[in-house]
Structures are given as C-alpha cells and as structure tokens.
Amino acid sequence: MSVTVNSYDKGMGRWEPNARGRLEQAALKLYVERGFEQTTVAEIAKLAGLTERTFFRYFADKREVLFWGARAFKEVIVSSVAAAPETAAPIDAVAAALEAAGEALQVRRDSVRQRQTVIVANAELQERELNKMGSLASAISDALRERGVKDLAASVTAEAGIAVFRIAFERWINEDGPGDLPQHIREALNELKAVTAG
C-alpha cells in the first residue's frame, strides 16, 4: 500500500500560524531598510514566507500594516473611560484610559519604534497618523459625554488627553532602555494639572 504525502510550498501560508504578525514584522523590516514607498506588497509577502493573496486577507494595502491596530487601540481607551469610577474627574478618567493603552503599547516597544520611524519619514503617513489621533479625540469626547460631561468640557478634556499622550509617547519612544510609557503619561498629566492649577 502506498501513501501519498502532500507537501505545501512554504510560500503558501494558508494554514501558517500568526500570518498577520509575520506580515507586520516583514513590512516593518522592509519599510525601515528600504523606505515605505520603495517596498512592495510582493516583497513583504515573500519575506514573511506567505503569498500576496494572504497579505490582502489581512490588509487592504501596505499602509494598513501600520494602522490596523487603531480600532483596537481606540476600543481600549473608550472602554476604559466608560469603566472609570463615576466619581472620577473627566481628566482622570481619560488619564486612566491612556495609561491602559500605554500598557498595551509597552510590550510592543520595538515594533512601535519601527512603526514610528517609518511614519516620521513619510508625509502621507504622518497625515494619516494625525487623522487617527483626531478620530481618537472624537471617540474620547463621545465617551465623556456618555458619562454626563458637557460638550465643551468633553472636547477640551479629550484634546488635552491626546496632547498629554503625544508628548508622553514621544518621550518614551526616544529614550534609551525599555522606558515606561504609563509613567510618562502620568508625568505629563501632572505637569498639565500643575500649569492649569497655578
């Protein structure tokens, strides 16, 4: 009796584990080495050991590799604002939410740094990142309104929270060693509170 053994090309990643993660790692590596514009989807898929078809199952285009986690990031923040104690001041609810999001980024620092390097080098990607932050500010405002915060206060608090996050993020991403993003968020918020109280 003979047995037929099916073998699959390594590039056929249909059943390969962690295809999204492999594609993301390959894309970041190529974007950093060659530049975003010079990198093709075919090259990303090849480096990941997958097919272009597999790439498009996970990402609409090569920009999405850098932005696919935005929805989950926003959900962490919005749900954390909603879950803050009723007695929490609006800025404290936002701060707790940003710290929770910071914890999630903390474990991916190397890939977050690579991503930031790619975005800083490309005007189109910078604009997309600014739009993402604007959308996040709107979502935070909405979450605060759901908590009963008035419109103007919700908008100002959300924008202040985004400013705190951006400053903390930049300090964290540029420091040597592992750093502590939630700590940078707390420090930036404390500075904001000191300035506004003084």
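The values are calculated or read from the model by the stated rules, or taken from the named source; none is laboratory data. Treat the numbers as computed from the prediction; the structure is a model and nothing was measured. Quick reminder, even Gly has a Cβ in these numbers, built from the backbone with ideal geometry, and neighbours come from all protein chains shown.
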Query raised in the report: Out of all the residues in the range 165-198, which are closer than 23 Å to Lys132 by Cα and small (Gly, Ala, Ser)?
Result: Ala168, Ala188
Query - Failed item, numbered, when His184 is tested on (1) of a type outside the set (Lys, Arg); (2) in contact with a Phe, Trp or Tyr (Cβ under 9 Å, 6 or more places away or on another chain); (3) not in a helix (DSSP H, G or I) - result: (3)
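Evaluate the following for Asp110: is it under 28 Å from Gly21 (Cβ atoms) and out of contact with any His (no Cβ under 7 Å at 6 or more places or on another chain)?
Details: under 28 Å from Gly21 (Cβ atoms): yes; out of contact with any His (no Cβ under 7 Å at 6 or more places or on another chain): yes.
Here the answer is yes, as Asp110 does meet what is asked.
Return yes or no: is Ala96 surrounded by 13 or more Cβ atoms within 10 Å (Cβ to Cβ), under 30 Å from Ala160 (Cα atoms) and at pLDDT below 95? Even if it seems obvious, please write down each step before you answer.
Values: surrounded by 13 or more Cβ atoms within 10 Å (Cβ to Cβ): yes; under 30 Å from Ala160 (Cα atoms): yes; at pLDDT below 95: yes.
In short, yes.
Looking only at the range 74-93, count every residue that is in a loop (DSSP other than H, G, I, E, B) and surrounded by 18 or more Cβ atoms within 10 Å (Cβ to Cβ) and tell me the total. I'd like the intermediate steps shown before the answer.
Taking the range 74-93 as the starting set, the residues that turn out to be in a loop (DSSP other than H, G, I, E, B) are 84-89.
Then drop every residue that is not surrounded by 18 or more Cβ atoms within 10 Å (Cβ to Cβ), which leaves 84.
Here the count works out to 1.
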Query raised in the report: Any chance the range 72-85 includes a residue that's under 25 Å from Phe59 (Cβ atoms) and among the charged types (D, E, K, R)?
Result: yes
Query raised in the report: Do you know which of the residues in the range 5-39 that are exposed (fewer than 15 other Cβ atoms within 10 Å of the Cβ) and among the charged types (D, E, K, R) is modelled with the lowest pLDDT?
Result: Asp9
Report task. Determine whether the range 92-111 contains at least one residue that is more than 21 Å from Phe169 (Cα to Cα), in the same structural domain as Ala188 (by TED's automatic domain parsing) and in contact (Cβ under 8 Å) with a residue 12 or more places away in the chain. Result -> no
Query raised in the report: Can you tell me which residue in the range 73-95 is nearest to Ile185 (Cα to Cα), limited to those that are charged (D, E, K, R) and within 23 Å of the chain's Cα centre (by Cα)?
Result: Asp92
Requested in this report: Read through the list (1) touching a residue at least 40 places away in the same chain (Cβ under 8 Å); (2) touching a Ser or Thr at 6+ places or on another chain (Cβ under 7 Å), then give the number of the only condition that Glu37 fails.
Outcome: (2)
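Considering each of Glu64, Glu43, Glu52 in turn, give the residue that is within 21 Å of Arg128 (Cα to Cα) and of a type in the set (D, E, K, R).
Matching residue, one of Glu64, Glu43, Glu52: Glu64.
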Query raised in the report: If you check Gly161 against the conditions, is it touching a His at 6+ places or on another chain (Cβ under 9 Å), in a helix (DSSP H, G or I) and surrounded by 14 or more Cβ atoms within 10 Å (Cβ to Cβ)?
Result: no
Query raised in the report: Which one of the conditions (1) among the hydrophobic types (A, V, I, L, M, F, W, C); (2) within 29 Å of Ala42 (Cβ to Cβ); (3) within 12 Å of the chain's Cα centre (by Cα) does Val120 fail to meet, given that it meets all the rest?
Result: (3)
Report summary line: Reported set for the range 58-73 where residues are at pLDDT 95 or above and either touching a Ser or Thr at 6+ places or on another chain (Cβ under 8 Å) or basic (Lys, Arg) (or both) is Lys62, Arg63
